[in-house]
There are 2 protein chains.
Amino acid sequence: MTTGTDAPRRTRIQQEKRELILEAALEVFSTNGFRGSTIDQIAEAAGMSKPNLLYYFRRKEDIHETLMQRLLDTWLAPLRELDDIGDPLTELRSYIRRKLEMARDFPRESRLFANEILQGAPRIMPLLAGELKTLVDEKAAVIKGWMRAGKIARTDPWHLIFSIWATTQHYADFDVQVRAVLGPNRGGDGRFEDAARFLEQLFLEGLKPKG
Amino acid sequence: MTTGTDAPRRTRIQQEKRELILEAALEVFSTNGFRGSTIDQIAEAAGMSKPNLLYYFRRKEDIHETLMQRLLDTWLAPLRELDDIGDPLTELRSYIRRKLEMARDFPRESRLFANEILQGAPRIMPLLAGELKTLVDEKAAVIKGWMRAGKIARTDPWHLIFSIWATTQHYADFDVQVRAVLGPNRGGDGRFEDAARFLEQLFLEGLKPKG
DNA sequence: CAAATTTTTGACCGATTGGACAAACGTTAG
DNA sequence: CTAACGTTTGTCCAATCGGTCAAAAATTTG
C-alpha cells in the first residue's frame, strides 16, 4: 500500500480530462437539470466528442454522482465551521455572510443542489437523512446552548438554519428573478452587498422599530 | 355578445379533460421539470392515451404555458392583498402566514415555479421584468412609507420581500430536505406550525436576546 | 332513427437520446 | 525501429422522444 487511498489509479491526462468534464457538466446540469441535459451538450462544453467523454465516465449518471459527492463536502463546510468558540451573534452573522458569499461565488453548485432537491432528491436522499441530519442536529444543539445561556433569543434552531439556507441560496437559485425585479440599477453587482446588509439586520434585529 | 369572454368555445368534455390534463401535468412537471417530463407520463397520469391528450393540447409547451399563466395569478395574490390599511407589522405578519400556507397547500405549484426560475425562466422572463417587477416596486413603495412613518425598522423593502419569498417557499421546494433533517418526529404535520412560529419571531424580533 | 360532429385510438414517423464498439491515432518504453 | 498502452473518433444501435394521421368509436343533433 503506497498511495494510502483506494481511489482508482489515474494518469495525468485522465485527471485533467475528468476535471474538464466535471466543470462542463456542472455548467450544463445546473441550468438544465439531470434529465434535461444531454451527454452531447456536456461533451461539447468540454470540447471533446461524446465517445471520448464516455471513455472517462461510463454513464451520464456517473458524472452527476461524482459532481454531487464533491458538492456536498464544500457546500456544508460553512456550517461545519460554526462552533462554540466566540460570540454567538458574531458566529451566526459570519455564517450568514459566508453562505451568501457561496451563493455569489458558486451559483452553479447551488442550482445543481436545488435541482436535485426539487426533484425529490432521488440520488442523495440517504445523505440527507444521514450525514446532513447528523450535522444539523449537532449544530442545533450548539445553538440551543446559546439560547439557554441567554446569548441569543429562544427560537427553533432547526428552522433558524433553514431560514439561513433559504435566504442566502435564494440569491443563487432565483438570481434571474432577483435581477429582473431589482432592475438594471439595483440589480447590478451591488445586489449582494445590499442583501448582506439586509440579512444582517433581519436576523439580528427583526423588523420592529427601535423603541 | 353573450359570453363576455374571448376564450375559445369549448364543450363540456373539453373543459373537463383539459382540467384533468392540467392537473396531471402539474404533478409531472413539478417533479421532473419541463424537459424532464414526457407527454406519455402526463397522459398516463391523466388516464388517457398520448394522441388523445394531444387532441386537447397540440404541443407539450401549450400545457406548460397554460399552467404557468394560471399559476402566476394565484401565486401573486397574497402580495397583491398587501396594502396600506391596517397595522404594518400585522399586515406583514399575515402576508408571511399566507405565503407559508400556500407553500403547505400548493407545493406543486411552488415547485413548478421554482423549476422555471432555476432554469433561467426562459418562458416567463417578460412577466418577471414586467408585471412582477411593477407589482413588487409598488409594494416596496408601500413598505417604504411604513418605514418613513416609523412603523417598522428601516431596511431594503425589495430584499425584505425576497426574504419572505425565500423562507416560505423553502418549505415547499425543499420539503424533502426539511423532512429528512427534521426526522420523523419533528418533520411530521406540525412542521408548518413550527415554521410559522419561528418566522414570525424572526421577522418581528430577530435573534438578539431581549434586553 | 340517421347524419353530423366530437372524441379516442393504433399505427406510424423523423429526430434525439444514452450508450457500444472497433478501428485509428498518439505516446512512450525498450 | 516496434510493441504496448492510453487516447480519440466515426459509425452504429435500440430506446425514447414529440408529434401526425387516418380510421374507429362515441356523442350530439335534427
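Nothing in this text is a laboratory measurement; each read-out follows from the coordinates by a stated rule. A quick note: this is a predicted structure, and the numbers were derived from the prediction, not measured. A quick note on method: Cβ atoms are made from the backbone with ideal geometry, for glycine too, and the neighbour counts reach across all protein chains shown.
Relative contact order, whole percent, for region A:67-205 stands at 33, derived from Cα pairs under 8 Å and 6 or more residues apart. For A:Arg58, the point set 7 Å out from Cα toward Cβ sits 4.7 nm from its twins in the other copies, listed from shortest up. Between A:Ile152 and A:Met147, the built amide H atoms are under 5 Å apart, and every one of these is 5 or more places off in sequence or on another chain.
Largest mean-square fluctuation among A:Arg98, A:Arg154, A:Arg123, in a Gaussian network model of chain A whose springs join Cα atoms under 10 Å apart, belongs to A:Arg154. Considering only A:Arg35, A:Arg80, A:Arg97, the Gaussian network model of chain A with Cα springs below 10 Å gives its largest mean-square fluctuation to A:Arg35.
Averaging 1/r across all pairs of distinct Cα atoms in region A:3-83 and inverting the result yields a Kirkwood radius of 13.8 Å. Using a simple spin-label model with pseudo-atoms 7 Å out from Cα toward Cβ, B:Asp40 and A:Ile13 lie 3.9 nm apart. State the percent of C-alpha pairs, over all pairs in region A:129-206, separated by a distance greater than 13 angstrom. Looking at region A:129-206, the distances longer than 13 Å represent 74 percent of pairs. For region B:11-58, the convex hull spanned by the alpha carbon atoms encloses 60 Å³ per residue. With Rh defined as the Kirkwood radius, the inverse of the mean 1/r over Cα pairs, the Rg/Rh of the protein assembly as shown is 0.99. Summarising the label geometry, the points placed 7 Å from Cα in the beta-carbon direction at B:Asp105 and B:Asp83 lie 2.0 nm from one another. Sorted from longest to shortest, the spans of the Cα atoms of region B:68-205 along the three principal axes equal 45, 38, 20 Å. Among B:Phe162, B:Phe34, B:Phe192, the largest mean-square fluctuation in a Gaussian network model of chain B (Cα springs under 10 Å) belongs to B:Phe162.
Each of B:Thr66 and B:Arg197 was given a label point 7 Å from its Cα along the Cα-to-Cβ line. The distance between the two points is 4.4 nm.
Computed from phi, the 3J(HN,Hα) profile of region A:111-123 under the Karplus parametrisation 6.51, -1.76, 1.60 (θ = phi - 60°) reads 5, 4, 5, 4, 4, 5, 5, 3, 8, x, 6, x, 9 Hz, with x in place of Gly and Pro.
With contributions of -39500 (n - 2.57) from each DSSP H run of at least four residues, the per-residue ellipticity at 222 nm computed over the protein assembly as shown stands at -23500 deg cm²/dmol.
On the basis of the beta-carbon distance and an R0 of 56 Å, B:Leu54 and A:Arg59 show a calculated FRET efficiency of 0.95. Under 28 Å from the Cα of A:Lys17, which lysines turn up, not counting those fewer than eight places away in the same chain? The reachable lysines, counting only those whose Cα sits under 28 Å from A:Lys17, are A:Lys50, A:Lys60.
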